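Take a look at the structure set out below.
The values are calculated or read from the model by the stated rules, or taken from the named source; none is laboratory data. It should be emphasised that the depicted structure is a prediction, and the values quoted were computed from it without experimental measurement. Positions of Cβ are backbone-derived with ideal geometry, glycine not excepted, and every protein chain shown enters the neighbour counts. Just so you know, the surface numbers come from the protein's heavy atoms only, side chains and all, with ligands and any DNA or RNA stripped out. Shrake-Rupley method; radii C 1.70, N 1.55, O 1.52, S 1.80 Å.
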Amino acid sequence: MKTATRSADGLIDEILGYRKAKVLMVAAYLDCFTRLERPRGAASLARALRLDPRGAEILLDALVAMGYLLKTGTLYRNAPVASRHLVRGRPGYLGNNLKYQEMIWDAWSDLRRSVRRGGPVRPLEHWLLRHKGFTREYIHGMDDIARGPAEEIAALVPPGGAREMLDVGAGPGTYSLAYLRRSAGLRATLFDLPSTLRVTRGLLARRPALAARARLRPGNYRTDAFGREGFDLVLLSHVTHDEDPRTNRAMLDKARRALRPGGRVLIHDFMLEESRTAPEFGALFSVHMLAYTEGGRTYTEGEYRRWLREAGFAGLRSWAVSAGRRNSTRLLLGVKEG
């Protein structure tokens, strides 16, 4: 077992891991890497980003030590991994997600109190409504990391003859777009909060041909109905981990009512083994949910299967998504009979 191989050095590495994370998130938030595709001195970067020269030099030297920058004399430039994933505009850009992580850092700073009280000191609504720029970075960050899994899911469960799909908590709309690319006869309804859909609209504008078959429907999936027998496919991707079991059961009931007979519901999320102790990413993600959601956590596949059966879905099937990666997920399908 993993615990049997722990050493003092490994323990120290994990204790100090927050330092590396914070350095990387701050550098991404400040957009340092976009400015360092060409060699540049610390003083020059400090002027461009309005930083203190001493602070900039110390931050850049740490990024060199971590392997994200290279240093020749007094000049710094991106290492290959930074060029691929941390330069704005690159296909593999992950900087938006790191900016979101930097914004929500304070939720983790409150973890001690969250564990004591069993919930967040400042819940997700606080960040969405009161933190300037949070919604934009959050949604753009979700788009960054969803593109690969979205294409994989649309290939694992193709749209087939589906004419209408509902994307619940659609965020950037990345999963709906993957399905629209698969079927010219499909239309998608993207259902999310008005503040989220304002960001979504900007992302869809980059893909006008697909956006023409996407409708934005503002609402709250906790309180609003999804409709009655108007859809062939309902997708809940990375939504259920934000909610408690009661809310998730209610969403599945609403999904069943929204589906035509023979329609399919898809749940995509991180899922734990029945012990709840593996995989490590999922167990730590559950702590993330404790830190800033009222009732969210990472659930087991068994829990999802039970909720689907209770809601009246049959023909349950599941697949691994992004298998082999640390942040792999699972996809569950249920069919509305009758």
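Rundown of residues vs (1) free of Cβ contacts under 8 Å to residues at least 24 places away in the same chain; (2) open to solvent by less than 40 Å² (accessible area, probe 1.4 Å); (3) charged (D, E, K, R), yes/no style:
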site	(1), (2), (3)
Pro279	no, no, no
Leu284	yes, no, no
Leu290	no, no, no
Gly296	no, yes, no
Gly302	no, yes, no
Ala320	yes, no, no
Asn327	no, no, no
Leu332	no, yes, no
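Scanning region 119-139 for residues that are open to solvent by 20 Å² or more (accessible area, probe 1.4 Å), outside any helix (DSSP H, G or I) and in contact with a helix residue (DSSP H, G or I) (Cβ under 8 Å, 6 or more places away or on another chain) yields a total of 5. Being in a strand (DSSP E or B), open to solvent by less than 50 Å² (accessible area, probe 1.4 Å), touching an Asp or Glu at 6+ places or on another chain (Cβ under 8 Å) and of a type in the set (A, V, I, L, M) holds for only one residue in Leu266, Leu235, and it is Leu235. Number of residues in region 208-241 that are farther than 13 Å from Leu186 by Cα and within 22 Å of the chain's Cα centre (by Cα): the value is 14. Look at region 206-228: where a residue is more than 15 Å from Ala178 (Cα to Cα) and a partner is exposed (fewer than 15 other Cβ atoms within 10 Å of the Cβ), sitting 6+ places away or on another chain with Cβ atoms under 6 Å, you get Pro218/Pro194. Looking across region 140-157, the residues that are out of contact with any strand residue (DSSP E or B) (no Cβ under 6 Å at 6 or more places or on another chain) and open to solvent by 60 Å² or more (accessible area, probe 1.4 Å) come down to Ile145, Arg147, Glu151.
Taking the numbered list (1) surrounded by fewer than 18 Cβ atoms within 10 Å (Cβ to Cβ); (2) touching a Lys or Arg at 6+ places or on another chain (Cβ under 9 Å); (3) not aromatic (Phe, Trp, Tyr) in turn, Arg246 passes all entries but (2). Looking only at region 163-199, residues that are open to solvent by 10 Å² or more (accessible area, probe 1.4 Å), in contact (Cβ under 8 Å) with a residue 60 or more places away in the chain and assigned to a loop (DSSP other than H, G, I, E, B) come to 3 in all.
Being touching a helix residue (DSSP H, G or I) at 6+ places or on another chain (Cβ under 8 Å), farther than 18 Å from Gly173 by Cβ and part of a helix (DSSP H, G or I) is a description that applies to Ala291. Of everything in region 34-86 that is part of a strand (DSSP E or B) and over 20 Å from Lys22 (Cβ atoms), the residue that is least open to solvent (accessible area, probe 1.4 Å) is Gly41. Among all residues of region 11-32, there is none that is open to solvent by 70 Å² or more (accessible area, probe 1.4 Å) and part of a strand (DSSP E or B). Does Arg306 satisfy the criteria of being open to solvent by 40 Å² or more (accessible area, probe 1.4 Å), of a type outside the set (Asp, Glu) and at pLDDT 95 or above? Yes.
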